[in-house]
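The values are calculated or read from the model by the stated rules, or taken from the named source; none is laboratory data. Please read all numbers here as calculations on a predicted model, not as lab measurements. Cβ placement follows ideal geometry from the backbone for every residue including glycine, while neighbour counts extend to all protein chains displayed. Accessible surface areas use protein heavy atoms only, side chains included; no ligands, DNA or RNA. Shrake-Rupley method; radii C 1.70, N 1.55, O 1.52, S 1.80 Å.
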Amino acid sequence: MKIAMVGTGYVGLVSGVCFSDFGHEVVCIDKDPRKIEMLMRGEVPIYEPGLEAVMARNVAAGRLSFSGDLAAAVAGADAVFIAVGTPTRRGDGHADLSYVMAAAEEIANALTGYCVIVTKSTVPVGTNRQVAEVVSKANPSAEFDVASNPEFLREGAAIDDFMRPDRVVVGVESERARAVMADIYRPLFLREFPIVYTDLESAEMIKYAANAFLAAKITFINEMAMLCEKVGADIKAVSKGMGLDGRIGNKFLHAGPGYGGSCFPKDTNALARIGQDHASPCAITETVIEVNDRVKRRMVDKLVDLCGGSVNGKTVAVLGVTFKPNTDDMREAPALTIVPALVGGGAKVRVIDPQGRREGEHLLPGVDWVEDPYAAATGADALVILTEWNEFRALDLAQLAQSMATPRLADLRNIYPPEDVRQAGFEAYVAVGRRGFGLGS
């Protein structure tokens, strides 16, 4: 199959590279000439474990290429995927579809024969029918079908998610389009991974409903963590006891400083807005958004309490600022709420993150970037674990405590048991949903 992938952001690049690894001929297209030049040099503009190796392998095999010429890439393609951004529109919470519609119009003018136009971007219900209207208006003689194929990629595990998916969702309304999509995903079908064929609207809803449910699960356990702190329970034990119930499952039951990233905040806001527009309010989703914001702000209060009621003049070392480990993505990360609050409160903040500096330097002004957690902790008044990178899971706690001015730890990912922290020499410790000790407990 010949595939054109419009957009080389996270979704577009990962999808295009993986499709080429299936054996398809893929051209990834982007309007940014610097990004295309970078990709043609073999450099990956995002951090995703394993992506660079898969990309290099398929470029060498001649199956994968990069271009800024959409018309040439679309001509003769069996399928064209739209994988451009759909950011939250300022002011009303809607997904901004301007990039999707612009891509659809440009694709329409480049079609040379029958083609399936596939929306890979996360879009509100009804968008694919709008795409069809845009294409028909721009090129009335175009022979095409529209398909909805939402992505379910976890940043940091995207290659495995694409190659070994829980399911593939395909919204189509013609047998011809279904046959094209079946050929594209044949390698997964042969390995018996589930492929769900449905109508366009259902495919669009599946994506939003799935992400909103996961966001609700995270927010529920964070709310339970707040209650655990009040009643003296341990959220780690509560999560384990809940997760062993097969109806609930143990995934997304890890208490922390709130969800972030490119999907959950944007998609919950969009779903809430869709519900409002159709006079069917999504009250649970709206509450999830509100509670998640509250959770992030609550982390600031924890740190202020840990520092004795004020961070003014204190040195705080923050380990991890990306929204999750194994990514360089800072979008809606809890760090964007917590770190500016510390800086605004008069703290001197040192930051270390294995991949976050590239984005973080302009998103977190007024902080000092360091490369080593022990250097960050030296002379500090408080140490904060904000992102659970593997590099932070086996630290020498005693060495950290000895090097600090006042050994106080805020473990906002519940990595270290309280007894280990106490034995290492820390005088105060706070976590999320479990008993602390010393100041702020």
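Brief remarks follow.
- In region 214-321, counting only helices (runs of 4 or more DSSP H) that sit wholly within it, the ones holding 2 or more residues that are of a type in the set (Asp, Glu) span 264-277, 283-306.
- Hits in region 371-383 - residues which are open to solvent by 10 Å² or more (accessible area, probe 1.4 Å) and either touching a residue at least 40 places away in the same chain (Cβ under 8 Å) or assigned to a strand (DSSP E or B) (or both): Pro373, Gly379, Asp381
- A single member of Thr337, Thr327 is β-branched (Val, Ile, Thr), modelled with pLDDT under 95 and either surrounded by 17 or more Cβ atoms within 10 Å (Cβ to Cβ) or in a loop (DSSP other than H, G, I, E, B) (or both), and it is Thr327.
- Residues that are under 23 Å from Leu97 (Cβ atoms) and of a type in the set (S, T, N, Q), drawn from region 175-222: Thr198, Ser202, Asn211
- Helices (runs of 4 or more DSSP H) (entirely within region 11-95) containing at least 1 residues that are open to solvent by 50 Å² or more (accessible area, probe 1.4 Å), touching a Pro at 6+ places or on another chain (Cβ under 6 Å) and free of Cβ contacts under 8 Å to residues at least 12 places away in the same chain: none
- Residues in region 343-365 that are crowded, with 18+ Cβ neighbours inside 10 Å and either of a type in the set (Val, Ile, Thr) or under 8 Å from Val318 (Cβ atoms) (or both): Val349, Arg350, Val351, Ile352.
- Residues in region 145-164 that are buried (at least 21 other Cβ atoms within 10 Å of the Cβ) and either of a type in the set (Phe, Trp, Tyr) or in contact with a His (Cβ under 9 Å, 6 or more places away or on another chain) (or both): Phe162 alone.
- Leu386 being crowded, with 20+ Cβ neighbours inside 10 Å, over 23 Å from Gly232 (Cβ atoms) and without any contact (Cβ under 8 Å) to a residue 60 or more places away in the chain: no
To keep it simple, each residue is scored yes or no on (1) closer than 14 Å to Lys120 by Cβ; (2) touching a helix residue (DSSP H, G or I) at 6+ places or on another chain (Cβ under 9 Å); (3) modelled with pLDDT under 95.
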| residue | (1), (2), (3) |
| --- | --- |
| Glu155 | no, yes, yes |
| Ile159 | no, yes, no |
| Arg164 | no, yes, no |
| Ala177 | no, no, no |
| Ala182 | no, yes, no |
| Thr198 | no, yes, no |
| Ala203 | yes, yes, no |
